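One structure is given here, and the rest of the page talks about it.
The values are calculated or read from the model by the stated rules, or taken from the named source; none is laboratory data. Keep in mind that what you see is a predicted model, and the values were worked out from it rather than measured. Note that we place each Cβ from the backbone using ideal geometry, even for glycine, and neighbour counts take in every protein chain shown. With ligands, DNA and RNA removed, areas are computed over all heavy atoms of the protein, side chains included. Shrake-Rupley method; radii C 1.70, N 1.55, O 1.52, S 1.80 Å.
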Amino acid sequence: MAGFQVLTVSQLCRYVKAVLEEQKPLGDLMVKGELGNLSYRQSSGHLYFSIRDSGAVVRCVMFSRYVQNLRELPEDGATVLVRGSAGLYERDGAFQVMAYDLQPLGAGSGKKDLEALLRRLREEGLFDQGSKRPMPPFPHTIGIITSREGAALQDIIRAFRRRGYGGRLVLYHAAVQGEGAPESLRRALSALEEEGECQAVIIARGGGSQEDLAAFNDEALARMVYQCPVPVVSAVGHEVDYTVLDLVADARASTPTGAAELLSPDREDLRRRVRQLREAVASQAGEQVEKRKRRLARSQELLRAKSPRSQVEKNRQKLDYLVRLLKDAEEKKLRSLRERTVRLFCQLEGLSPGSVLRRGYSIAMAEGRAVSSVEGLSPGQELTTIFSDGEVVSTIRLCRRNEENHGEEAEH
């Protein structure tokens, strides 16, 4: 290394910067190109962008004192004429143009090509909402297409871990920026389809400029995503960044973390839903059990009411009632007959010979028969007179009839 002067990085950058500033043609120049990576910093008021053509890209900065002179900010993809000075940004060692003025000249070829692609794919129906597939509720294997070195992969893994995802994540490494990125992304998606293990796929990268995201505007990639056999989630860039992939994918997440949240239900939310479902099932089951119990009770009551045993029991009760009625009627009839018998007995007793005899009457018997008249009796005939306490045997001396009967007398 003898004879060589060793420079520090700072010294080298200051030297190159000084050389550039000494070049008068570079002190005030005009450059035409396609605008990209437009970024307006509200805090400082500075405008950062790049201009490009088919062969190169140059970084540019316009400070706030010049930005405020612009009537409007141009859009990414526009062809612009930039006036400024070439220089070197020492901190990054980056060649750049410090712009004084920025004039739009119309849409650039890149923007026109993108607009034509969007129009063509839209007419073919690749953006139709009706063709979007729903996300699987509980995918057990999810493919991730991104760079293994990028922050997007770590963001996705952390989000899945935080939400308690119990499935499997399979990385399909792909370049997500640069000239070979579209082909790399297509190869990764093709490998995922051939293996056939995933129920969903996330295509992701972090935010960046339009040039950084250009790979996701590839037409061949868009058509592969549309025909992919499993749902595809696009997680490219940030909320304000949109690519063709976002429009053709089945779902779009504003960030890689959002894609993980879209495909992995939160464990606590699942527990809460399970508890709610368990309570709802228990409540409905309890209501059904009570309903069935009431129905069973009604059926049992109806069965008991119509069962032979119930009929026998009712008939037995009816028979017992009729038997009681019969017994009551019989007892009443017997009492009536008993009372009548007693009365008749008393009457009979009052009319019996003994009773008559006890009242002072007597019975005359002649020749073994009772005599109630003097007819047929004659003097000298034996007559037996019966009293209540005995009898007297006598001989008839005289038979005399009452005058009112025949007016006859017989004497002995």
May I ask which residue of F63, L171, V82 lies farthest towards the positive end of the charge dipole of the chain, with charges of +1 (Lys, Arg) and -1 (Asp, Glu) on Cβ and the Cα centre as origin?
L171
Tell me, what is the FRET efficiency for A18 and A116 to the nearest 0.05, using R0 = 51 angstrom and their Cβ-Cβ distance as r?
0.65
In the chain, which helices (entire DSSP H runs) extend 24 Å or more along their own long axis, judged by Cα positions, while averaging at least -1.0 on the Kyte-Doolittle scale?
308-351
Kirkwood hydrodynamic radius (C-alpha pairs) into Stokes-Einstein, the stretch 362-403, 20 °C and 1.002 mPa s, D in µm²/s
200 µm²/s
Treating only the Cβ atoms of Lys and Arg (+1) and Asp and Glu (-1) as charged, compute the dipole magnitude of the stretch 272-363 about its Cα centre; round to the nearest 20 debye.
840 debye
Using only alpha carbon pairs under 8 Å that are at least six residues apart, calculate the relative contact order of the chain and give it in whole percent.
9 percent
Just to be sure I understand the model, the point goes 7 Å from the Cα along the line to the Cβ. What's the resulting M365 to L26 distance in nm?
18.7 nm
Fully extended contour minus Cα-Cα distance, from R358 to R59, at 0.36 nm per residue:
91.0 nm
Over the Cα atoms of the stretch 137-269, Rg to Rh with Kirkwood Rh, two decimal places?
0.93
Can you give the convex hull volume of the alpha carbon atoms of the chain per residue, in Å³?
458 Å³
Ratio Rg/Rh [Cα only; Rh per Kirkwood] for the stretch 305-372
1.57
Signed unit charges on C-beta, dipole axis of the stretch 118-227, positive-most listed residue G125, G206, Q154
Q154
Based on the Cα atoms of the stretch 23-93, what semi-axes does the equivalent ellipsoid have, where each is the square root of 5 times one gyration tensor eigenvalue, given in whole Å with the largest first?
18, 16, 13
Express in nm, to one decimal, how much length is gained between Y40 and R292 on full extension, taking 0.36 nm for each residue of separation and deducting their alpha carbon distance.
83.6 nm
Among E90, E211, E313, which one moves the most in a GNM of the chain with springs linking Cα atoms closer than 10 Å?
E313
Normalised radius of gyration for the stretch 53-175, please: alpha carbon Rg relative to 2.2 N^0.38 Å, two decimal places.
1.61
What FRET efficiency would be calculated for the residue pair E194, Q68, taking the C-beta separation as r and a Förster radius of 60 Å, to the nearest 0.05?
0.60
Please express the Cα-Cα pair-distance distribution P(r) of the stretch 258-346 as a list of whole percents, one per 5 Å bin, running from 0 to the bin with the greatest distance.
3, 10, 7, 7, 7, 7, 6, 6, 5, 5, 5, 5, 4, 4, 3, 3, 3, 2, 2, 2, 1, 1, 1, 0, 0
Accessible area of M98 in the full protein assembly, 1.4 Å probe (Å², nearest 10)
60 Å²
Selection from S254, V281, S264, by position along the positive dipole direction of the stretch 245-300 (Cβ):
V281
Under a cut-off of 27 Å between alpha-carbon atoms, report the lysines in cross-link reach of K291, not counting same-chain residues fewer than 8 places apart.
K306
Taking Rh as the Kirkwood radius, which is the inverse of the mean 1/r over Cα pairs, what is the Rg/Rh value for the stretch 103-201?
1.07
Placing each pseudo-label 7 Å from Cα in the direction of the beta carbon, S336 and L303 end up separated by a distance in nanometres of 5.0 nm
